[in-house]
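One structure is given below, encoded as structure tokens.
Taken together, the values in this text are just the output of simple stated rules run on the coordinates, not laboratory data. Treat the numbers as computed from the prediction; the structure is a model and nothing was measured. Positions of Cβ are backbone-derived with ideal geometry, glycine not excepted, and every protein chain shown enters the neighbour counts.
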Amino acid sequence: MRRLDRETVDRIAAGEVVTRPARVVEELVENALDAGAARIDVEVDGDGTERIRVADDGRGMSAEAAAMAVERHTTSKLPDGDLTAVETLGFRGEALASIADVARLTLTTNDGGPRATSVRVDADDVTVDSAGRGRGTTVEVRDLFHNRPARAESLAAPATEFERISDRLAAYALLRPEVALSLAHDGRRIFATPGSGAFADAALAVYGREAARESTTLDATATVSVGDDDAAVGLRGVLAYPSVTRASADHVRVAVNGRPVSVPALRRAVDRGYGSLLPGDRHPVAALALSLPPWAVDPNVHPTKERVALRAADAVADAVEDAVADALSTADLRRSADVAMDLDAALDPVESEPSLLGDATVIGRFRDLYLLCAVGGDLLVVDQHAAHERINYERLRAAVEAEDVESAPLDPPVTLSLSPGDAAAVEAHTDELARLGFDCDPFGGGTVRVRAVPAPLGRVADADALEDALAALRDGRDADRRDELLADLACHPSLKAGDELTDDDAAALIERLGACEQPFACPHGRPTVLAIGEGHLARGFERRPNRR
């Protein structure tokens, strides 16, 4: 523990640390993590202004260091004043002092010696005593903002303030699964993670069984160019399947070098990695921890350390998008059908299979819309329209990039009246339209003659689909918008309810669906396949599994 020199203090974007109870919890948890804690227990009374207690089993401090820790601008974290080499979560050296300035604080710590040290701070009164405690540190904060009535009155409702504490702590729990972290509120346990290091175990503790079983883990590395140097980016985390979504993006959590941060570009990259697996108005549940060299990250751009600046931020975002997309492309995203049959137990998770749908056999149909398939111990129900949409979408997307789509002639040709912009786009995008399966040319006066239209998998699109195709091509510089329009275009020739399939057609549909990059959701994010396990059916009929 040492005092910072004036030059370093002047270079730090310090600001006011304590603005609400959640900030107290965040600072104390980060101190515990920096101290190497394997276990952190957080207790909160009321909205956090009454009492916050954070106990850890980290390295602790000596009596001399503990007394200095409550002074302003002291630190044990900043190496030789070099702000570019920071490898800890905090370094400003003002957290405990700022908390003590607006609350009554008790710090009890032991670095492994026979006795612990207790430092009590109440306004300008600082008392240092011996105490009993094992190795580690406990910080108890009482009467937060007792001497700042305006700040206390500006707080939100107690439930909202605790929600902020819970949400922030959940981020640490999800993104630091190697640490056992617990939260109790008014004496009641809210959640506790085992500290196993497994992201799935942390997701189970925070989100419950459904999200944990409907998820996959990510573990990847990438190399990005940063100026004249290369930086290694490590990416680890957990991604919930598209069957588990939220209305807001708040549940996409990202950490950079161990600290949960708000980096909108990285959050958007996670969304893009899910691509068309999600409905347009939904967001995924994901926790992604990035590790980068310290020189590639500036953690000192925000007074509360909520944000960081990344060198080569676009390249890092691209690496995140690719890693998320790759992880989901190798996961089995079939959704388990909710057939409760008055049973309390949820369906067992469906394990990934190398062949995905390759071994599925069509055994029946229901209402000329759903195909019933058997694979292993599961009964699969396939929505033929959603499945066909996925197939058409991926073929159309490939056609825009390289491969041609089959087309069908129109006899006689159809004449369409288009806007001047669309009519001009027909000439500008003749080759791209041909790859999409259209044969058309301007006919004068803003009209276009259409001689052939796309017919992927033998289904013929309407001539009106040309307008959707033109919109996609004209807006092709925006990949997200283009994919959205291609998804709409894919709907035109897709099978509809009531369309009958021969056995060969049904088998071909399942085979082509299994060959898709993302077979388990249509391009609008709806599921294509629901799975009902044999064991679940057996329980519903009160049979023993595998007994006839």
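The local environment of residue 153, defined by Cβ-Cβ distances under 13 Å, has a net charge of +1 under the rule Lys, Arg +1 and Asp, Glu -1.
Rounding to the nearest 20 debye, state how big the charge dipole of region 94-147 is about its Cα centre with +1 on each Lys and Arg Cβ and -1 on each Asp and Glu Cβ. Don't skip to the end; give the middle numbers.
Details: 6 positive and 9 negative charges, 72 e Å.
In total the dipole reaches around 340 debye.
Relative to the Cα centre, the charge distribution of region 209-329, modelled as +1 at Lys and Arg Cβ and -1 at Asp and Glu Cβ, gives a dipole magnitude of about 540 debye.
What FRET efficiency do you get for residue 219 and residue 464 if R0 is 45 Å and r is their Cβ-Cβ distance, rounded to the nearest 0.05? Please list the in-between numbers first.
On the way: r = 46 Å, r/R0 = 1.03.
The pair residue 219/residue 464 has a calculated efficiency of 0.45.
Once you treat every alpha carbon in region 21-76 as an equal point and sum by Debye, what is log10 I(q)/I(0) at q = 0.13, 0.25, 0.28 Å⁻¹? So the normalised log intensities are -0.36, -1.09, -1.16. Peptides 196-202, 257-263, 221-227 ordered by packing proxy, namely the average of other Cβ atoms within 10 Å per residue, highest first: 257-263, 196-202, 221-227. With one equal scatterer per alpha carbon and no solvent term, the Debye-computed log10 I(q)/I(0) for region 129-240 at 0.11, 0.13, 0.24 1/Å reads -0.59, -0.75, -1.30. On the basis of the beta-carbon distance and an R0 of 22 Å, residue 248 and residue 188 show a calculated FRET efficiency of 0.25.
Label-to-label distance for residue 71 and residue 431 is 7.2 nm, based on points extended 7 Å past Cα in the beta-carbon direction. Taking other residues whose beta carbon is less than 11 angstrom from the beta carbon of residue 217, and scoring Lys, Arg as +1 and Asp, Glu as -1, yields -1. Note on region 209-329: percent of Cα-Cα distances in each 5 Å bin, starting at 0 and stopping at the bin with the largest distance, equals 2, 12, 23, 24, 18, 12, 7, 2, 0, 0. A Förster distance of 22 Å, applied to the separation of the beta-carbon atoms of residue 504 and residue 367, puts the FRET efficiency at 0.60.
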